Amino acid sequence: MELKQFAYVASHDLQSPLRSISGFVQLLKLEYEGKLDEQAQDWIGRTVRAIAQMQTLIRDLLSYSRVDARSRPFVQIPFIEIVNDARTLLESSIHDSGGQVTWGPLPDVMGDRSQLVQLIQNLIGNGLAYRSDKPPHIHITADRSGEEWVFSVRDNGIGIDPKHHEQIFEIFKRLHNQKEHPGTGIGLAVCRRVVNRHGGRIWVESELGHGSTFHFTIPEEKERPNEQ
Ligand code: ADP
């Protein structure tokens, strides 16, 4: 079995026992809250938080292993629709962070709609999550460069030290612990797979304390390598 398939089956099959564990711990909490000593309540609380973290991890692993498994044929899509779908999915995070998302003129692209939404959702989501003390502002632009479009997703967040620019696209690679910023380290690995599947590249330009700009390319229609 290939590693990707293994990741899919493993993460999928882990969901069911985890649902049981989650259910029983919820019951324990509900029925015994106030009847147990402080130590026991603390342990239950920690278990509930660890379960939530594991559920997120499994969800993200599934989406990583599905990039190839769940791929759909490419269609022509106005990129603004991708941005709007991602904004709708992130509505509460945008609202809660007091952030704003803006964009310049965006072209039509050929691609897999739900995967492109996932890509932009992850990039905007990171721009909101890794914010500085200013309200987050994420700006999306697209520029023509020869036969491809170069998209840029710029934020005014904490920035990334250049020594980490390559590693952050690796699965499970994180620069922060769960306390500072919760996360799984899978988001940018999904972004890279989605961009590669569309025949493009992804990279980041950033300095600590000066925001980050994620760039990715999407070839023009005639250069679609994965299309029959
Ligand atoms: P996660 O956000 O779940 O940790 P990602 O793969 O999306 O996983 O990101 C990997 C790491 O890259 C993050 O833990 C964070 O340290 C860093 N990072 C990603 N996006 C940004 C950003 N916009 N600004 C600053 N750091 C970022």
Subject >> the stretch 58-91: trypsin sites (Lys or Arg not before Pro) in DSSP loop, at most 13 other beta carbons within 10 Å >> reply: Arg70
Original post:
Out of the stretch 130-190, which trypsin sites (Lys or Arg not before Pro) are coil in DSSP terms and have no more than 10 other C-beta atoms within 10 Å?
Top reply: Lys179
Original post:
Roughly how many Å is it from the Cα centre of the stretch 103-181 to that of the stretch 20-46, as a whole number?
Top reply: 39
**OP:** Please give the contour-minus-distance gain from Leu36 to Glu207: 0.36 nm per residue of separation, less the Cα-Cα distance, rounded to one decimal in nm.
**Re:** 56.6 nm
Original post:
Which whole-number percent gives the relative contact order of the stretch 68-212, counting Cα pairs below 8 Å spaced six or more residues apart?
Top reply: 22
**OP:** Sum -39500 (n - 2.57) across every DSSP H segment of at least 4 residues in the chain, then divide by the residue count to get the 222 nm mean residue ellipticity, nearest 500.
**Re:** -16000 deg cm²/dmol
Subject >> Estimated distance in nm for a label pair at Thr102 and Met54, the labels positioned 7 Å out from Cα along Cα-to-Cβ >> reply: 4.5
Original post:
Simple spin-label model, 7 Å along Cα-to-Cβ: Gln15 to Phe172 in nm?
Top reply: 2.2
**OP:** Apply the Karplus parameterisation 6.51 cos²θ - 1.76 cosθ + 1.60, with θ equal to phi minus 60°, to every residue of the stretch 158-173 and state each ³J(HN,Hα) to the nearest whole Hz, in sequence, with x for glycine and proline.
**Re:** 6, x, 9, 4, x, 5, 9, 4, 7, 4, 4, 8, 7, 5, 6, 7
**OP:** Summarise the long-distance tail of P(r) for the chain by giving the % of C-alpha pairs beyond 25 Å.
**Re:** 48
Original post:
Mind checking the angle between helix 3-32 and the chain's longest principal axis? C-alpha axes, 0 to 90 degrees, to the nearest 10.
Top reply: 40
Subject >> Accessible surface, 1.4 Å probe, highest first, among residues Asp37, Asp108, Asp161 >> reply: Asp37, Asp108, Asp161
Original post:
Short version: ³J(HN,Hα) in whole Hz for each residue of the stretch 128-142, in order, from phi by Karplus 6.51 cos²θ - 1.76 cosθ + 1.60 (θ = phi - 60°), x for Gly and Pro, what are they?
Top reply: 6, 6, 9, 7, 8, 7, 7, x, x, 10, 10, 10, 10, 9, 9
Subject >> Estimated vicinal HN-Hα couplings, Hz - the stretch 189-199 in sequence order (Karplus 6.51, -1.76, 1.60; Gly, Pro = x) >> reply: 5, 5, 4, 5, 5, 5, 5, 4, 5, 8, x
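The values are calculated or read from the model by the stated rules, or taken from the named source; none is laboratory data. Not measured: the values here are computed from a predicted model. Positions of Cβ are backbone-derived with ideal geometry, glycine not excepted, and every protein chain shown enters the neighbour counts. Note: accessible area is taken over every heavy atom of the protein model, side chains too, but ligands, DNA and RNA are not part of it. Shrake-Rupley method; radii C 1.70, N 1.55, O 1.52, S 1.80 Å.
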